[in-house]
Amino acid sequence: MPITTCIFDAYGTLFDVAAAARQAAGEPEFVDLKDDWPVLAEQWRLKQLQYTWLRAITRAHTDFWQVTQEGLDWALEKTGHAGKPAMRERLLALYWELQAYPEVPEMLHRLKAAGLNTAILSNGSPDMLAGAVQSAGIADVLDDSLSVESVGIFKPDARVYDLVGERFACSNAEVLFVSSNGWDAAGAAGYGFTTAWVNRADEPVDRLPWTPQHILSDLSGIPELAGV
């Protein structure tokens, strides 16, 4: 069955989550981030994801903004930057202004020009996603931003993937799901979507019961996978 609907994870897939730490490190006020911003960015993202998984399995859901702040606080302490409120405030502010990866606008324009549905499916809260989409200037090439907040649990719970069919009245076979998170691409594959893992860091495939059907180094090949 042809692909009619292309669904994208947001953070790390369309939007560069390391950009906040990288930009802050280049500002005079935060010169002490100059050498260790990559470690901070990595630890921030890791804890952000770990906290979503732990909250999902313990049924202690909160919104993604809370998880993002808690992950940053852990990472700041881990890297020796705890007790720096101005740095914390700046990093959180920059998270609302994340830019899309360079190939994203053209890729989405190609999908829309071909008549495909395009949307985000994210752990992010609706206001966070709206801010990122606006900042990246891609609102005109997305049909919707679907948030886990409507079901109250984080990915990879099946109730999150259910949102796609409910929104677009499509079968699983019509969906190409794209994520930079191997576990997310695997979970969506297990759900029944055709999945593409955007493996920018050339990491090993996760040892899970399911694997993504496609592995790409960036998003430029997505239109071809969608049959465009």
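The values are calculated or read from the model by the stated rules, or taken from the named source; none is laboratory data. Every value quoted in this text rests on a predicted model; they were computed, and no experiment measured them. In this analysis, Cβ positions are derived from the backbone assuming ideal geometry, glycine residues included, and neighbour counts consider all displayed protein chains. Only protein heavy atoms, including side chains, enter the accessible area calculation; ligands, DNA and RNA are left aside. Shrake-Rupley method; radii C 1.70, N 1.55, O 1.52, S 1.80 Å.
Please work out how many pairs of lysine residues in the chain are eight or more positions apart (or on different chains) and have Cα atoms closer than 21 angstrom.
Working: Lys34/Lys78; Lys34/Lys84; Lys47/Lys78; Lys47/Lys84; Lys47/Lys155.
The result is 5.
For the stretch 1-109, what is the charge dipole size about the Cα centre, in debye to the nearest 20, if Lys and Arg each add +1 at the Cβ and Asp and Glu each add -1 at the Cβ? Don't skip to the answer; put the middle values down first.
Values: 10 positive and 16 negative charges, 80 e Å.
In total the dipole reaches around 380 debye.
Angle of helix 64-78 to the longest C-alpha principal axis of the chain, folded into 0 to 90 degrees and rounded to 10: 40°. By how many degrees, between 0 and 90 and to the nearest 10, does the Cα long axis of helix 85-95 differ from the longest principal axis of the chain? Between the helix axis and the principal axis of the chain, the angle is about 20 degrees.
Report, in deg cm²/dmol and to the nearest 500, the calculated mean residue ellipticity at 222 nm for the chain, where each DSSP H run with n ≥ 4 adds -39500 (n - 2.57) and the sum is divided by the residue count. Spell out each step's value before the answer.
Numbers: 9 runs with 100 residues, N = 228.
Computed mean residue ellipticity for the chain: -13500 deg cm²/dmol.
How much accessible area per residue does the chain have, in Å², with a 1.4 Å probe? Result: 45 Å² per residue. Under a model in which nothing but the beta-carbon of Lys, Arg (+1) and Asp, Glu (-1) is charged, the stretch 156-216 shows a dipole of about 20 debye around its Cα centre. Answer rounded, prolate or oblate for the stretch 102-228, using the Cα gyration tensor with square roots of eigenvalues a ≥ b ≥ c: rounded when a/c is under 1.5, else prolate when a/b is larger than b/c, else oblate. Because its axes are fairly even, with a/c under 1.5, the stretch 102-228 counts as rounded. Using +1 at the Cβ of each Lys and Arg and -1 at the Cβ of each Asp and Glu in the chain, identify which of Thr4, Val205, Ser147 lies farthest towards the dipole's positive end. The listed residue farthest towards the positive side: Val205.
The H on the amide N of Ser145, modeled in the peptide plane, is under 5 Å from the matching H of Ile120, each at least 5 residues off or on a different chain. Between the residues Ala119, Ile138, Gly80, the greatest Cα displacement towards the positive end of the dipole of the stretch 69-180, with unit charges on the Cβ of Lys, Arg, Asp and Glu, is found for Gly80. At an R0 of 22 angstrom, the distance between the Cβ atoms of Asn172 and Leu46 translates into a FRET efficiency of 0.15. In this structure, the amide hydrogen of Val178, modeled 1.01 Å from its nitrogen in the peptide plane, lies closer than 5 angstrom to those of Ile7, Phe8, Asp9, Ala196, counting only residues at least 5 positions away or on a different chain. Compared with the dominant principal axis of the Cα atoms in the chain, helix 182-191 is inclined by about 30°. In order along the stretch 124-136, the Karplus-derived 3J(HN,Hα) couplings, from 6.51 cos²θ - 1.76 cosθ + 1.60 at θ = phi - 60°, round to x, 6, x, 5, 5, 5, 4, x, 5, 4, 5, 4, 7 Hz, and Gly and Pro are given as x. Placing unit charges on the Cβ atoms only, positive for Lys and Arg and negative for Asp and Glu, gives the chain a dipole magnitude near 360 debye about its Cα centre.
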